[in-house]
Amino acid sequence: MGVAAFIILQLVMWIWMLVDCLKNEPSEGNDKVIWVLLMVFLGIIGSLLYYFIRRPQRIEQLGQ
């Protein structure tokens, strides 16, 4: 049961970060495309990188 819950939490985190990136990341340049590709190919690792690196920068710069 613990492993299944952990996998579900990872999936929820991945979907949340992917939707956050697609909705809130500015479309100028290639940043959005690069982050989406990172999350698609690296899965939860890409999502964690986005959450801890890019998301705080975006919130600080754009207030989103």
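Some notes on this structure:
- Restricting segment 41-60 to residues that are more than 10 Å from MET17 (Cβ to Cβ) and among the charged types (D, E, K, R), the residue that is farthest from the chain's Cα centre (by Cα): GLU60
- Residue that is among the hydrophobic types (A, V, I, L, M, F, W, C) and within 18 Å of GLN61 (Cβ to Cβ), where the choices are LEU11, LEU38, LEU49: LEU49
Quick note: the coordinates plus some simple rules give every number you see, no bench work behind them. Values in this document were obtained by computation on a predicted structure and should not be read as measured data. A quick note on method: Cβ atoms are made from the backbone with ideal geometry, for glycine too, and the neighbour counts reach across all protein chains shown.
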